[in-house]
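Novice: Have a look at this one.
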Amino acid sequence: MKIRHLHHSQINPSEWDRSILNSRVPLVYGLYDYLDALCNKNWSALVFGEYEAVFPLPHKTKLGITYIVQPVFCQQLGAFGSNRRITSLDFLRAIPKKFIRVRLQLNPYFDNQQNASLTTKTNFLLPLSEPPTYNKDCRKNLATLSKLPIEYHRNAITFKEVIEVYREAWGETNPNIGDSAYENFEDACKRVQSKHQCAFTLAATNTETSSLLGVSILLGFPSLANDQEKHLHYVCAGPTIAGKPLGIMHGIIDAAIQGHLGATAYFDFEGSSIPSVATFYQKFGPKNTPYYLFQRGI
């Protein structure tokens, strides 16, 4: 068997998802509908055998040059599947030369990728199988929030409403994310929620004023085989003007963790390489589980 390069129209969606779901760590990022929406169908793939292992290639074209680039709101891609006769390095070598520039972030779960020329990037994971150990500052903030009239609700608001709050809170710090990227992300969440029930919103509100304080979109699989590693991704979140002074994101993250405590899974903070964000995430006691960045022609 060999690696085939399949164009978008040649990819079998059901076989693709079967490969993703049979992975040891089946990340939502790799699902056909999530990728298809984020990339607006602008992706192809490397496929080994009969979808025993797959490797997505999201791409864009600018000034006549087609290049591979990591989609927004998709932290890790790389190799997925159950066949270990193929390696991530094999897939990287098989990326067609027509893609002059390649910038891909690879998950670390398929195989040992130390033989490739890769850059390590930070990602924090917190096991949900046991009670977390928050630091003193985090516990203090949560204690303050617990005295306020705040409630947390799942799916009380739409994906679009979360994205609007995110843009209001962090849009200026992410000028590279355009309207189409946000629209694609909303569509991606809707599609995987409809098909796989693995996307939901979480909102914090003041029960006395009914004002919205903070929001989040989380991605994660509701049920998989017991020997598979499950991740709950903290993929998009932000405070409102009313919630920011309260440190409401401490409460949002804690509510998500407490709501899934005891599960054989990890709360996935998705980074971060930004020092202030990394410091905030470390308050919750996660461990750094790095992923990789592969670049060619850049």
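The numbers here are math on the coordinates, done by the rules we state, and not lab data. Note that this is a predicted model, so its numbers are computed, not measured. Note: ideal-geometry Cβ built from the backbone for every residue, glycine included; neighbour counts use all protein chains shown.
Novice: Multiplying the sequence separation of residue 112 and residue 261 by 0.36 nm and subtracting their Cα-Cα distance, what value in nm do you get?
Specialist: Details: separation 149, 0.36 × 149 = 53.64 nm, distance 2.97 nm.
Value of the extension gain: 50.7 nm.
Novice: Which angle between 0 and 90 degrees, to the nearest 10, do you get for helix 159-170 versus the longest principal axis of the chain when only C-alpha atoms count?
Specialist: Between helix and principal axis, roughly 80 degrees.
Novice: Could you give the length gained by full extension between residue 41 and residue 207, i.e. 0.36 nm per residue of separation minus their alpha carbon distance, to one decimal place? Spell out each step's value before the answer.
Specialist: Values: separation 166, 0.36 × 166 = 59.76 nm, distance 4.20 nm.
In short, 55.6 nm is gained.
Novice: Same structure again: With axes computed from alpha carbons, what is the tilt in degrees of helix 179-196 against the longest principal axis of the chain, rounded to the nearest 10 within 0 to 90?
Specialist: Helix 179-196 sits roughly 90 degrees off the main axis of the chain.
Novice: May I pose another question? About its Cα centre, what dipole magnitude does segment 9-100 give when the only charges are +1 on Lys and Arg Cβ and -1 on Asp and Glu Cβ, stated in debye to the nearest 20? Numbers along the way, then the final one.
Specialist: On the way: 10 positive and 7 negative charges, 84 e Å.
Approximately 400 debye in magnitude.
Novice: Give the percent of DSSP beta bridges with both residues in the chain that are antiparallel, rounded to the nearest 5.
Specialist: Numbers: 48 of 55 bridges.
The antiparallel fraction comes to roughly 85 percent.
Novice: Mind checking segment 91-178 for trypsin sites (Lys or Arg not before Pro) that DSSP puts in a loop (not H, G, I, E or B) and that have at most 11 other Cβ atoms within 10 Å?
Specialist: Passing both the DSSP loop test and the Cβ count: 97, 98, 147.
Novice: Taking residue 136 as the anchor, which aspartates and glutamates have their alpha carbon closer than 19 Å to its alpha carbon, excluding any fewer than eight residues away along the same chain?
Specialist: Leaving aside aspartates and glutamates fewer than 8 places away in the same chain, those within reach of residue 136 are 254.
Novice: How much of the DSSP bridge set in segment 3-120 is antiparallel, in percent, rounded to the nearest 5?
Specialist: Numbers: 16 of 19 bridges.
Taking every DSSP beta bridge with both residues in segment 3-120, the antiparallel ones total about 85 percent.
Novice: Relative contact order of the chain: what whole-number percent is it, with Cα pairs under 8 angstrom and at least 6 residues apart?
Specialist: Relative contact order of the chain: 24 percent.
Novice: On to the next question. I need the shape label for the chain. Rule: rounded when a/c is under 1.5, else prolate if a/b > b/c, else oblate, with a, b, c from the alpha carbon gyration tensor. Don't jump to the answer; show the numbers that get you there.
Specialist: On the way: a/c = 1.89, a/b = 1.67, b/c = 1.14.
Taking the square roots of the gyration eigenvalues as a ≥ b ≥ c, the chain is prolate.
Novice: Which of the listed residues, 285, 83, 123, is farthest toward the dipole's positive end in the chain, when Lys, Arg count +1 and Asp, Glu count -1 at the beta-carbon?
Specialist: Checked the options; the winner is 83.
Novice: Compute the distance in nm between two label points, each set 7 Å from the Cα along the Cα-to-Cβ direction, one at residue 197 and one at residue 160.
Specialist: Between residue 197 and residue 160, the simple spin-label model gives 2.5 nm.
Novice: Next up: With an 8 Å cut-off on Cα pairs and a minimum separation of 6 or more residues, tell me the relative contact order of segment 124-290 in percent. Don't skip to the answer; put the middle values down first.
Specialist: Details: 277 pairs, mean separation 61.6, N = 167.
About 37 percent, as a whole number.
Novice: For residue 172 and residue 289, what does the FRET efficiency come to when R0 = 25 Å and r is the distance between their Cβ atoms, rounded to the nearest 0.05?
Specialist: Details: r = 30 Å, r/R0 = 1.19.
Using R0 = 25 Å, I get an efficiency of 0.25.
Novice: Further, regarding this structure: Round to the nearest 10 and give me the degree value, 0 to 90, for the angle of helix 248-258's Cα axis relative to the longest principal axis of the chain.
Specialist: So the helix axis and the longest Cα principal axis differ by about 70 degrees.
Novice: Please go through the residue pairs 2/98; 62/195; 160/244; 41/98 and name each one whose alpha carbons sit more than 26 Å apart in this structure. Please list the in-between numbers first.
Specialist: Numbers: 2/98 19 Å; 62/195 33 Å; 160/244 20 Å; 41/98 19 Å.
Over 26 Å Cα-Cα: 62/195.
Novice: Can you tell me how segment 124-290 classifies by the Cα gyration tensor, rounded, prolate or oblate, using a/c under 1.5 as the rounded cut?
Specialist: On the way: a/c = 1.30, a/b = 1.02, b/c = 1.28.
Rounded.
Novice: Given +1 on the Cβ of Lys and Arg, -1 on the Cβ of Asp and Glu, and no further charges, what dipole in debye does segment 112-227 carry about its Cα centre, rounded to the nearest 20?
Specialist: Working: 11 positive and 13 negative charges, 71 e Å.
About 340 debye.
Novice: Right, here's the next one. Can you tell me the dipole magnitude for the chain around its Cα centre, using point charges on the Cβ only (Lys, Arg +1; Asp, Glu -1), in Debye to the nearest 20?
Specialist: Values: 30 positive and 25 negative charges, 194 e Å.
It comes to approximately 920 debye.
Novice: Put a dot 7 Å past each Cα toward the Cβ at residue 7 and residue 137; how far apart are the dots in nm?
Specialist: Placing both labels 7 Å beyond Cα along the Cβ direction yields 5.3 nm.
Novice: Which of rounded, prolate or oblate describes segment 167-216 when judged by the alpha-carbon gyration tensor and an a/c cut-off of 1.5?
Specialist: Judged from the Cα gyration tensor, segment 167-216 comes out oblate (a/c at least 1.5, b/c at or above a/b).
Novice: On to the next question. Nearest-5 percent of antiparallel DSSP beta bridges in segment 124-290?
Specialist: Bridges in segment 124-290 are about 85 percent antiparallel.
Novice: Using a 7 Å offset from Cα along Cα-Cβ at residue 63, what residues in segment 84-105 end up with backbone N under 19 Å from the label point?
Specialist: 98-103
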